[in-house]
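Asks: I'd like to ask you about the structure that follows.
Any read-out appearing in this document is the output of simple, stated calculations on the displayed coordinates, not a laboratory observation. Just so we're clear, the structure is a prediction, and the values are computed from it rather than from any experiment. All Cβ positions, glycine included, derive from the backbone under ideal geometry; neighbour counts span all protein chains shown.
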């Protein structure tokens, strides 16, 4: 029997490799995505200071369901509008070790439509 790491351990290894190359600062903060089976959480982070500038989650009250594509699109538009309010126009996308496919891609496309550049 082959001893393989769990899916989450594999994703974290990929995320660690991505984070070695991707970092956010005040000019271009990092848009980090966390995806679970039922929800999606998105944060815009200034890595130099270690502060979360803007956040949105499908677990918030009156938030869309993040467990499907429609919810991911709505969350992408929500994070884009919150970034516009804070004056953030350009970000670096951090897919969090997930494949750029499905809900992650839908969220990214909706954030671009909402006015974010990455």
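Asks: Could you tell me whether segment 37-50 includes any residue that is loosely packed, with under 15 Cβ neighbours inside 10 Å and under 24 Å from residue 6 (Cα atoms)?
Replies: yes
Asks: Here is a check on your reading of the model: is residue 67 in contact with a helix residue (DSSP H, G or I) (Cβ under 9 Å, 6 or more places away or on another chain), without any contact (Cβ under 8 Å) to a residue 60 or more places away in the chain and either in a loop (DSSP other than H, G, I, E, B) or crowded, with 17+ Cβ neighbours inside 10 Å (or both)? Outline the logic, then answer.
Replies: Numbers: in contact with a helix residue (DSSP H, G or I) (Cβ under 9 Å, 6 or more places away or on another chain): yes; without any contact (Cβ under 8 Å) to a residue 60 or more places away in the chain: yes; either in a loop (DSSP other than H, G, I, E, B) or crowded, with 17+ Cβ neighbours inside 10 Å (or both): yes.
It is true that residue 67 is in contact with a helix residue (DSSP H, G or I) (Cβ under 9 Å, 6 or more places away or on another chain), without any contact (Cβ under 8 Å) to a residue 60 or more places away in the chain and either in a loop (DSSP other than H, G, I, E, B) or crowded, with 17+ Cβ neighbours inside 10 Å (or both).
Asks: Go through (1) surrounded by fewer than 16 Cβ atoms within 10 Å (Cβ to Cβ); (2) in contact with a helix residue (DSSP H, G or I) (Cβ under 9 Å, 6 or more places away or on another chain); (3) within 22 Å of residue 68 (Cα to Cα) for residue 5 and report which single condition fails.
Replies: Every condition holds for residue 5 apart from (3).
Asks: Moving on. Which numbered condition trips up residue 56, out of (1) in contact with a strand residue (DSSP E or B) (Cβ under 7 Å, 6 or more places away or on another chain); (2) part of a loop (DSSP other than H, G, I, E, B)?
Replies: Status for residue 56: all satisfied but (2).
Asks: Can you name the residue in segment 25-36 that is part of a loop (DSSP other than H, G, I, E, B) and touching a strand residue (DSSP E or B) at 6+ places or on another chain (Cβ under 6 Å) and is also surrounded by the most Cβ atoms within 10 Å (Cβ to Cβ) among such residues?
Replies: Going through the qualifying residues, I end up with 29.
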